[in-house]
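The values are calculated or read from the model by the stated rules, or taken from the named source; none is laboratory data. Keep in mind that what you see is a predicted model, and the values were worked out from it rather than measured. Glycine gets a Cβ as well: all are built from the backbone with ideal geometry, and neighbour counts include every protein chain shown.
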Amino acid sequence: MAKEAFRPVDTWVFDLDNTLYPPEAGLFAQMNPRINGFIRTTLGISEDEAAVLRKSYWQQYGTTLSGLMAEHGVEPLAYLDEVHDIDLSTLTPAPDLHTALNALPGRKIVFTNGTREHAKRVTRARGIDGAFDAIYGVEDADFVPKPKEAAFARVFELAGVLPRTAAMFEDSAHNLQVPHAWGMRTVLVGPPEDGPHIHHQTEDLAGFLSQLA
Ligand SMILES: [Mg+2]
């Protein structure tokens, strides 16, 4: 059973977006046009040009931000503050998740490709901010995003995470590859996907966690 597999775990690492709230909250739908808008105004280009550029940076650099930093010297926090300046009223409090997090033995950490500030706002809106011992954002990884190994290496060093006694929860299966390779227990939060790097899968994070305490 799942509980047995998690017995060695004393550090619980959670992605934020679409992991600690459901995708139906639609936050990415709000962020997407803000990314395009930032590219348009910062580089002074058209909507169509911005869309093309964004796609090519995604492919070449892994994120739009990495491309903007490398090719245009964009200041990362200016970009991230603009992208994360969204309405969080679609997020609802999650008392069941709060209870389940609090019942887990050990440290609980958020590790997001967004900023710390974004993670604070989101966890507050969900009523779960008190459950976490620390929050790490992409600024803590020198703006290198998951799934890159360097992102995990930097944040895990800062946080003192020992992979063999840690678990990673993510809605993005890609982001479980490095944690799995390093010996973490991995949980895909979302619809089932195949892959040797996915140990467990759930679409009900609170329900899943409540079985582990
Ligand atoms: Mg996510």
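For this structure, a couple of remarks:
- The residues listed here are 24, 49, 71, 82; of these, the one that is loosely packed, with under 12 Cβ neighbours inside 10 Å and among the acidic types (Asp, Glu) is 24.
- All of (1) part of a helix (DSSP H, G or I); (2) closer than 30 Å to residue 8 by Cβ hold for residue 108 with one exception: (1).
- Lone qualifier among 107, 124 - being exposed (fewer than 15 other Cβ atoms within 10 Å of the Cβ) and outside the structural domain of residue 38 (by TED's automatic domain parsing): 124
- Selection from segment 174-184 of residues that are surrounded by 18 or more Cβ atoms within 10 Å (Cβ to Cβ) and within 13 Å of the ligand (Cβ to nearest atom): 175, 176
- 1 or more residues more than 27 Å from residue 98 (Cβ to Cβ) and among the acidic types (Asp, Glu): qualifying helices (runs of 4 or more DSSP H) within segment 140-213: 149-159
- Within segment 92-104, tally of residues that are surrounded by fewer than 21 Cβ atoms within 10 Å (Cβ to Cβ) and assigned to a helix (DSSP H, G or I): 6
- So residue 33, is it away from the ligand (no atom under 16 Å from the Cβ) and either in the same structural domain as residue 129 (by TED's automatic domain parsing) or polar (S, T, N, Q) (or both): no
- Single condition residue 201 does not satisfy, out of (1) within 15 Å of the ligand (Cβ to nearest atom); (2) without any contact (Cβ under 8 Å) to a residue 40 or more places away in the chain; (3) buried (at least 18 other Cβ atoms within 10 Å of the Cβ); (4) not hydroxyl-bearing (Ser, Thr, Tyr): (3)
- Of all residues in segment 1-30 being more than 16 Å from the ligand (Cβ to nearest atom) and touching a helix residue (DSSP H, G or I) at 6+ places or on another chain (Cβ under 8 Å), the one that is farthest from residue 133 (Cα to Cα): 2
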